[in-house]
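Rule-based calculations on the coordinates, nothing more; no lab input. Keep in mind that this is a model prediction, so the values were computed, not measured. Ideal geometry is used to build each Cβ from the backbone, glycine not excepted, and the neighbour counts take in all protein chains shown.
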Amino acid sequence: VSIFEFKNEIFAAQDRYIYRSSDGGLTWKTVFTNAVGYSSVTATDSFLLAFYGNRTRLVRSTDGLRTWKSIDTDTLVNHLEVDPFGGDSFKWVGGTGSMLYYFQTGNLHSYCPIQFCYSSDGGDTWHRGNNGNQVPIGYKLKDGINFGNHIVLASNQIQHSLDSAGTFFTQQTGIKCARIGQIIHQENSVFSTTN
């Protein structure tokens with residue numbers, strides 16, 4: 001499902017398990033198991049986030065998966081026009097500090113606007129972003145990262161926002177591909193997979 005770094009440890013999620021490595025990936029320890037399985041696992045600089053149950057539940061850990069807190073996702077449903085847990089949409093959740101963003105696109109052919117919600121308290125309370133208006137990004141949302149005030153989304157191009165997701169612009173000189181896959185951020189660099 002995903003692999004990421006959090007507090008100088010590496011985490012990997014696959015099916016029903018999340019693993020942690022403290023030695024750069026040489027040895028791994030199972031740290032969290034869920035009978036339902038995971039749809040997405042990611043990390044901000046303050047906490048780990050995991051979606052499970054077909055993205056109907058969201059949990060948060062601030063200590064590297066030792067303890068979890070359930071995050072209420074019902075308010076996401078109230079703020080978004082499309083069911084955020086339906087099968088015909090693409091989602092990404094992430095953030096920095098206690099600021100958390102939830103992005104979603106519909107399953108459209110070429111033009112995909114996004115809806116998003118944000119939370120300034122780590123997901124306890126959600127608000128509708130951009131006054132509820134959709135923001136165009138060009139294609140289906142695949143992945144995202146957030147560092148500082150810079151949000152980067154992956155679709156058919158790299159999409160950047162410097163105004164809390166109010167607007168996005170493309171800038172990906174040198175990438176000759178049709179689709180961006182996963183993107184990660186390490187120090188001052190952004191890395192991307194392509195098709």
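Subtracting the Cα-Cα distance from 0.36 nm times the residue separation, let me have the gained length for Asn149 to Thr193 in nm, one decimal.
13.6 nm
State whether region 124-175 is rounded, prolate or oblate according to the following rule on the C-alpha gyration tensor (a ≥ b ≥ c being the square roots of its eigenvalues): a/c under 1.5 gives rounded; otherwise a/b larger than b/c gives prolate, and the remaining case gives oblate.
prolate
Go ahead and run the numbers for FRET between Ser46 and Asp163, Cβ-Cβ distance against an R0 of 22 Å, rounding to 0.05.
So, using R0 = 22 Å, E works out to roughly 0.50.
May I ask you to compute the full-extension gain from Ser98 to Thr173, defined as 0.36 nm times their residue separation minus their alpha-carbon distance, rounded to one decimal in nm?
Extending this stretch completely gives an extra 23.8 nm.
Can you tell me which of 145-153, 10-18, 44-52, 185-193 comes out highest on packing, and rank the rest after it, using the mean Cβ neighbours within 10 Å?
44-52, 145-153, 10-18, 185-193
Grab the other residues whose beta carbon is less than 11 angstrom from that of Thr30, score K and R as +1, D and E as -1, and report the net.
+3
Tell me which residues come under 5 Å, amide H to amide H, from Ile158 once H is placed; ignore anything under 5 positions away on its chain.
It is Gln171, by chain and number.
What is the Cα centroid distance between region 135-172 and region 9-42, reported in whole angstrom?
Taking the Cα centre of each part, region 135-172 and region 9-42 sit 27 Å apart.
Which order do peptides 123-133, 26-36 fall in by mean Cβ count within 10 Å, highest first?
Result, highest mean first: 123-133, 26-36.
Provide the FRET efficiency to the nearest 0.05 for the Glu9-Asn131 pair, computing r from the beta carbons and using R0 = 30 Å.
0.20
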